Amino acid sequence: MTRENDTPEVLIAGAGPIGLTLAVALGQRGVRTVLIERSPEPGILPKMDLANARSMEIFGRLRLADKIREAGWPLDAPFDVYAGPSLTEPPYAVLSYPSISEARQHIAAARPGTLPREPYERISQYTLEALLLDEARALPGVDVLFGHQLVDLQQDADAVHATIRTPDGDRSTVTARYLVGADGGNSFVRNTLGINYSGPGDAARHILIFFRAPALFEKAGLGPFRHYYLAGERHGILIAQDDLKRFALHLEVEPGTDVAQLDAAEEVRAALGIDLDIELLHVGACTARLVVADQYRAGRVFLAGDSAHQYIPTGGFGLNTGIADADNLAWKLAAVLRGWGGPTLLDSYHDERQPVGLRNCRASEYAAIGVRNWRGRYDPSVHQDTATGLEKRRLLAAAFNTYQRRSHEQQGTELGYRYSLSGVVAHEPGPLPDADSPVYVPSAAAGSRLPHAWIEPEVSVHDRIGFGLTLLAVDAPPQLIGAFTDAAARRGIPLDVVRVDGRDDLRELYGAPLLLVRPDMHVAWRGYDMDAADAVLALCAGQQGSDQQ
Ligand SMILES: Cc1cc2nc3c(=O)[nH]c(=O)nc-3n(C[C@H](O)[C@H](O)[C@H](O)COP(=O)(O)OP(=O)(O)OC[C@H]3O[C@@H](n4cnc5c(N)ncnc54)[C@H](O)[C@@H]3O)c2cc1C
């Protein structure tokens, strides 16, 4: 059924953004991968609109950041977020956020560690999926099969046996070393494994009206914006897509509303307050959920993306959390398949990513409560041209200014997570920055993302991290480095060495002369002890307790 991958090393179910990212990350590492997707063709829905800074760092490592920026939002268009009664009346408030070009300037001038390597990006989910699909298809070890649905799975000690329904209705069996369920919210894989979800559950039901209206900005007399929050009973949000010609309008609806009965064009007109020629592209209902799977792994099968966690879109954590799942899993699967990753490495996937899934669920809820808080101040008298109306508008604007920021200013949630429960991290004692804070405090403590710093003009320390483990040596003596390279060679662990000398600022930022950094740019260990080399490498490669050396 496939060109060369009749016996793939990894089978991925679901070619949404997470399955596609994982396929690219595995394919780039030479892992034979088959990606199956039950739909006959790629997705066309404008779901996510923001790839956050952490996702862009990850895409940068996959050499995709520039391509994504080319396909996405214009570099000079602002990311502003408005609140107002309609597009034709003065807004109540505007939160201004820098364009990508401006954000790059901030990053270039920032103190080491304080900002990410890459600014955020706005790219519509359908644009991102199409781009990732092209990348996956171009990799020799990756096969992508649309119209192929996973309908059964069994596993034994050595492999997973998957039954797949093909486009002509036949069934075929594929045997792979590992299976990843990237098959979305109603995950067949999760359900088949009997893994439960926990969390508050369904949060809100809304309709999504996706339309094309190239004249919208001009008619509204506005420049590009990211979101326009429409104050009113329907809790409308208008989201500009990456080409600035297509738009998604979300409106809350009562449970049981028959979406087919709605006049979508009239809904758009009423919500925006302007007469517009629109081309309807899609109308559908969505239910936002806040849930996280109790387990991310069962034997040789893993969950990633929405199959493992589903959030309210507010805050933009759904896809972004899934991208980091894929990044975490890709290097571990590759390390195990290539023999240098030991038995505990794959256990750490659940131990690292599920706590982040829970934490980001809370962050998403925190953002959604913020929106609810300011929206709760709305009543129809805000529209009145009276002293009462004026005062109500003032208070609504103040509440928006306070609470809406939770949706756009959680750099700590995006960058500051630490793998505190991991079995393959050399944890440190003592007080450390709060890894759950929405405010980012740079830290290179073991388990954290390595804070970005420029080490040469336009070269970040991130750019030098390898596909195996990397020893980052900041003013470290050669015999200390040698202890690690010798131990890594004995254990068969690929180890790159990055030396940075004469940088007191980095010594202070990183807190030690040696850091062992993983391919997902998380610090596995930091210190100064050459006697620790062998034990540290064994722990961080998951070889501890095994006879791999
Ligand atoms: C309105 C909206 C706005 C959003 N905005 C943002 C945002 O700004 N930022 C953000 O980070 N996230 C956002 N999200 C969330 C984001 O869209 C999801 O988190 C993301 O789509 C998850 O990707 P995924 O690949 O895990 O799952 P999906 O995109 O659901 O893809 C799963 C794929 O698996 C396929 N599949 C299912 N079952 C099988 C099977 N048995 N065999 C084979 N294939 C199968 C499906 O057909 C599907 O293509 C938003 C979501 C919505 C609804």
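The values are calculated or read from the model by the stated rules, or taken from the named source; none is laboratory data. Please read all numbers here as calculations on a predicted model, not as lab measurements. With ideal geometry, Cβ positions are generated from the backbone for all residues, glycine too; neighbour counts draw on all protein chains shown. Side chains are part of the model used for accessible areas, which takes the heavy atoms of the whole protein and leaves out ligands, DNA and RNA. Shrake-Rupley method; radii C 1.70, N 1.55, O 1.52, S 1.80 Å.
Within segment 272-295, find all residues whose amide N lies under 19 Å from a label point positioned 7 Å from the Cα of Ala260 along Cα-to-beta-carbon.
281-287
Please list the non-local residues whose amide H lies under 5 Å from the amide H of Ala524, H modeled 1.01 Å from N, same-chain partners needing a gap of 5 or more.
Amide H to amide H, under 5 Å and 5 or more residues apart or across chains, Ala524 pairs with Gly447, Leu516, Val517, Arg518.
Near Leu415, within a Cβ-to-Cβ distance under 14 Å, what is the net charge of the other residues, with Lys and Arg +1 and Asp and Glu -1? Before the final figure, lay out each step's value.
Numbers: positive: Arg54, Arg117, Arg359, Arg418, Arg449; negative: Glu57, Glu118, Asp327, Glu409, Glu414, Asp434, Asp436, Asp520.
Local charge sum for Leu415: -3.
Determine which aspartates and glutamates satisfy two conditions relative to Lys47: a Cα distance under 17 Å, and not lying fewer than 8 residues away in the same chain.
Answer for Lys47, where 17 Å is the Cα cut-off: Glu121, Glu129, Asp183, Asp242, Asp243, Glu252, Asp306, listed by chain and number.
I'd like the Karplus ³J(HN,Hα) series for segment 44-50: coefficients 6.51, -1.76, 1.60, θ = phi - 60°, whole numbers in Hz, and an x wherever there's a Gly or Pro.
These are the phi-based 3J(HN,Hα) values: 10, 8, x, 7, 5, 10, 10 Hz.
What order do Lys332, Lys47, Lys67 take when sorted by accessible area (1.4 Å probe), most exposed first? Display every interim value, and only then the final one.
Values: Lys332 0, Lys47 130, Lys67 95 Å².
I get Lys47, Lys67, Lys332, largest accessible area first.
How would Glu57, Glu252 rank on accessible area, largest to smallest, probe 1.4 Å?
Values: Glu57 5, Glu252 80 Å².
Solvent-accessible surface, decreasing: Glu252, Glu57.
What does the extension gain come out to for Gln105 and Arg507, with contour length at 0.36 nm per residue minus their alpha carbon separation? Mind showing how you got there, number by number?
Numbers: separation 402, 0.36 × 402 = 144.72 nm, distance 2.44 nm.
Gain in length upon complete extension: 142.3 nm.
Any chance you could look up the accessible area of Ser381 with a 1.4 Å probe, heavy atoms only, rounded to 10 Å²?
The accessible area of Ser381 comes to roughly 20 Å².
Under the Karplus relation 6.51 cos²θ - 1.76 cosθ + 1.60, θ = phi - 60°, what is the ordered set of whole-Hz ³J(HN,Hα) values for segment 374-391, x standing for Gly and Pro?
Along segment 374-391, the couplings run 6, 4, x, 7, 6, 8, x, 5, 4, 7, 6, 8, 9, 4, 5, x, 4, 5 Hz.
In whole Å, what is the distance between the alpha-carbon centres of segment 390-463 and segment 96-153?
The two parts, judged by their Cα centres, are 19 Å apart.
Which one of Pro40, Val291, Gly181 has its Cα pushed farthest toward the positive end of the charge dipole of the chain, where Lys and Arg give +1 and Asp and Glu give -1 at the Cβ?
The residue sitting farthest along the positive end of the dipole is Val291.
Once amide H atoms are built 1.01 Å from N in the peptide plane, which residues 5 or more positions from Leu50, or in another chain, come under 5 Å H to H?
Ile123
Going from most exposed to least, what order do Tyr349, Tyr403, Tyr126 have by accessible area with a 1.4 Å probe? Mind dumping the intermediate values first?
Numbers: Tyr349 0, Tyr403 70, Tyr126 30 Å².
Ranked from most to least accessible, the order is Tyr403, Tyr126, Tyr349.
Between segment 286-318 and segment 471-500, what is the C-alpha centre distance in whole Å?
Rounded to whole Å, the Cα centres lie 37 Å apart.
Compute the accessible area per residue over the chain, keeping the other protein chains in place, probe 1.4 Å, unit Å². Don't skip to the end; give the middle numbers.
Numbers: 21630 Å² over 549 residues.
So the chain comes to 39 Å² accessible per residue, rounded to a whole number.
Please list, or write none, the lysines whose alpha carbon is within less than 21 Å of the alpha carbon of Lys392, excluding same-chain residues fewer than 8 places away.
none
Got the relative contact order for segment 72-224 handy, in percent, Cα pairs under 8 Å and 6 or more residues apart?
Numbers: 143 pairs, mean separation 22.4, N = 153.
Reported as a whole number, the value is 15 percent.
Could you pull out every residue, at least 5 positions away or on a different chain, whose amide H is within less than 5 Å of the one on Ile455? Hs are placed 1.01 Å off N in the peptide plane, and Pro or chain starts have none.
Here the answer is Ser460, Val461, since their amide H atoms fall under 5 Å of that of Ile455.
Going by average Cβ neighbours within 10 Å, how do the peptides 184-192, 218-226 rank, with the highest at the top? Walk me through the intermediate numbers first.
Values: 184-192: 18.9, 218-226: 15.2.
Top to bottom by mean Cβ count within 10 Å: 184-192, 218-226.
How far, in nm, would the chain grow between Asp531 and Ser437 when pulled straight, counting 0.36 nm per residue and subtracting the alpha carbon separation? Each step should come with its number before you reach the end.
Values: separation 94, 0.36 × 94 = 33.84 nm, distance 3.51 nm.
Result: 30.3 nm gained on full extension.
Evaluate the relative contact order of the chain (contact order divided by residue number), counting alpha-carbon pairs under 8 angstrom at least 6 apart; express in whole percent. Working shown, then result.
Values: 1207 pairs, mean separation 82.1, N = 549.
Once divided by the residue count of the chain, the mean separation gives 15 percent.
Net charge near Ala330, counting Lys/Arg +1 and Asp/Glu -1 over other residues with Cβ under 9 Å of its Cβ?
Details: positive: Arg29, Lys332; negative: Asp327, Asp520.
With Lys, Arg at +1 and Asp, Glu at -1, the net is 0.
Pulled fully out, how much extra length does the chain show between Asp156 and Arg212, if you take 0.36 nm times their separation in residues and subtract their Cα-Cα distance?
Numbers: separation 56, 0.36 × 56 = 20.16 nm, distance 4.97 nm.
Computed gain between Asp156 and Arg212 is 15.2 nm.
Ordered by residue, what ³J(HN,Hα) values in Hz, to whole numbers, does segment 328-344 give under the Karplus form 6.51 cos²θ - 1.76 cosθ + 1.60, where θ = phi - 60° and Gly and Pro are x?
5, 6, 4, 6, 6, 4, 5, 5, 5, 5, 8, x, 9, x, x, x, 7
Can you give the charge dipole size of segment 356-486 about its Cα centre, rounded to the nearest 20 debye, using +1 on the beta carbon of Lys and Arg and -1 on the beta carbon of Asp and Glu? Write down the numbers at each step before the final one.
On the way: 13 positive and 14 negative charges, 165 e Å.
Charge dipole of segment 356-486: 800 debye, to the nearest 20.
Once both axes come from the Cα atoms, what is the angle between helix 17-28 and the longest principal axis of the chain, in degrees from 0 to 90, rounded to 10?
Orientation of helix 17-28: about 30 degrees from the principal axis.
Where nothing but the Cβ of Lys and Arg (+1) and of Asp and Glu (-1) is charged, how large is the charge dipole of the chain around its Cα centre, in debye to the nearest 20? All intermediate terms of the calculation are to be shown ahead of the outcome.
Numbers: 53 positive and 70 negative charges, 98 e Å.
Using Cβ point charges on Lys, Arg, Asp and Glu, the chain gives about 460 debye.
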